[in-house]
Structure formats: structure tokens, C-alpha cells
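Accompanying notes for the structure given below.
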Amino acid sequence: AQRVTQPEKLLSVFKGAPVELKCNYSYSGSPELFWYVQYSRQRLQLLLRHISRESIKGFTADLNKGETSFHLKKPFAQEEDSAMYYCALLWGNNRLAFGKGNQVVVIP
Amino acid sequence: KAGVTQTPRYLIKTRGQQVTLSCSPISGHRSVSWYQQTPGQGLQFLFEYFSETQRNKGNFPGRFSGRQFSNSRSEMNVSTLELGDSALYLCASSSQPQGAEEKLFFGSGTQLSVL
């Protein structure tokens, strides 16, 4: 069965330090992966998707099929990066499965 | 463009009652998906509608149902409410059905409390 695992519930980093959010997936088909973000008092929104191979707000994520991972990285965290981050997998007949999320707190 | 609009914002019901939640997608979007968000289970897919047809359904009991109207507005209904149905119900819209190329736009959600 498909599954998305985000092992760390809460991640605290200092401003300017690198941040990495881990996402591992379990899926027998060809994976399509996304990162969604929810800032305080805002709606859940798409941050990036692996198919686009883009960098958004300094974040990147690389799909590693061998390790079944799609970790989100940013070399220098900013205070405005404090948010809830969700990794999501598109599976089956185009259904999205979300991980349970990572709360990121950037300490000034 | 107005964003995805969900009504009501908050709802309190008692066990055994039924409830209907509404979602108006972004203008021009024809796909509407529903998700249930709880602290324990996170975000779970309920169903997706496109052009008034249910395309996908998650692993929820038959008490959860939905529909989509010709103007793409969608409603979700939960009958015989249980305490465990207390959750934030999120609606998301996109121009095409969920896919690798599609970006979902989420509403603010309806917070349902079942007493």
C-alpha cells in the first residue's frame, strides 16, 4: 500500500542554518511527489513538485527512487520559513496521500 | 480571482445528526477534492469530483458522500455523525483532475465538532 512518512514532527533550526525535511514513500508504481506548506493563519499551498524540478523560496527536493525519498532542503533557513510542511504522493488513480507533516520553527 | 470558499467555517453537531459542507472552487476550476484533517491521522483523501462525476474515493465509510453541481460547486455530506468525525474538512480545487501537473488550491476548511 502507498504510504508517506515524515519522521520528525518538529524541527527547530537557527536562522541561517541549513534545513532538511525528510520524506520517505512507499509505492509500487511510478511516484509523483509534492511538498505543500501551510504558514501561520494561511491556507495549505503547493510549495514544489518533483516533476517541475524547480526551486521555490530557496527550497529544493530531489526524488531518489533508490532510497524512496523526496527530502526537502534549504541551505539557509529564514524566519519566514517557519511553517507546517507536508510531503504528498500521487498514487493510484490520481489520489494524493499526505504525510503527517513537519512543524518547522526557525529561531532568530 | 476569489480563492476556494468553504462554508460554514465552524460547525457543531451532536452524534447521530447529519451535516452538509459546501465548497465553491476557484472560477473556472472543474475539479474539487475533499480531505479530512485530524491531529492523529493527518490529511486523508475523501473523494474527488470532476465535471459532476466522482473520479476517486478514499477509504471512508458510506456515511461520507458528496456531489458536484454543474457550476462546479461541491457539497459533502456526513450522515449519522460519530465523535471521530470531528475534524477539519478541507476542499481543494484545480482546473483539471488531480495529476502530476496540477496544482491544488485549498480552502480554509470547515471545522466540524461532534459532541
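The values are calculated or read from the model by the stated rules, or taken from the named source; none is laboratory data. On a predicted model such as this, the values are computed, not experimentally measured, just so you know. Using ideal geometry, Cβ is built from the backbone for each residue, glycine included, and neighbour counts are taken over all protein chains shown.
Before moving on, here are some points about what is shown:
Okay, residues lined up against (1) closer than 16 Å to A:Ser26 by Cα; (2) of a type outside the set (A, V, I, L, M):
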site: A:Gln45; (1), (2): no, yes
site: A:His71; (1), (2): yes, yes
site: A:Ala83; (1), (2): no, no
site: A:Cys87; (1), (2): yes, yes
site: A:Gly92; (1), (2): yes, yes
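- Residue tally, condition over 21 Å from B:Gly84 (Cα atoms), under 15 Å from the mean Cα position of the chain (by Cα) and either more than 10 Å from chain A (Cβ to nearest Cβ) or of a type in the set (D, E, K, R) (or both), over region B:51-64: 4
- Complete set of residues in region A:3-31 that are outside any loop (DSSP other than H, G, I, E, B) and under 22 Å from B:Gln41 (Cβ atoms): A:Arg3, A:Val4, A:Thr5, A:Leu10, A:Leu11, A:Leu21, A:Asn24, A:Tyr25, A:Ser26
- Of all residues in region A:51-59, one or more are under 24 Å from B:Gln98 (Cα atoms) and in a strand (DSSP E or B).
- Candidate set: region B:1-25, residues that are under 23 Å from A:Gln38 (Cα atoms), surrounded by fewer than 18 Cβ atoms within 10 Å (Cβ to Cβ) and at pLDDT 95 or above; chosen: the one nearest to the other protein chains (Cβ to nearest Cβ): B:Thr5
- Qualifying residues in region A:66-99 (those that are in a loop (DSSP other than H, G, I, E, B) and within 13 Å of chain B (Cβ to nearest Cβ)) - the one surrounded by the most Cβ atoms within 10 Å (Cβ to Cβ): A:Gly99
- From the list B:Leu43, B:Leu112, B:Leu88, the lone residue that is among the aliphatic types (A, V, I, L, M) and more than 14 Å from chain A (Cβ to nearest Cβ) is B:Leu112.
- In summary, strands (runs of 3 or more DSSP E) completely within region B:16-115 and bearing 1 or more residues that are without any contact (Cβ under 8 Å) to a residue 40 or more places away in the chain occur at B:42-50, B:53-57, B:64-68.
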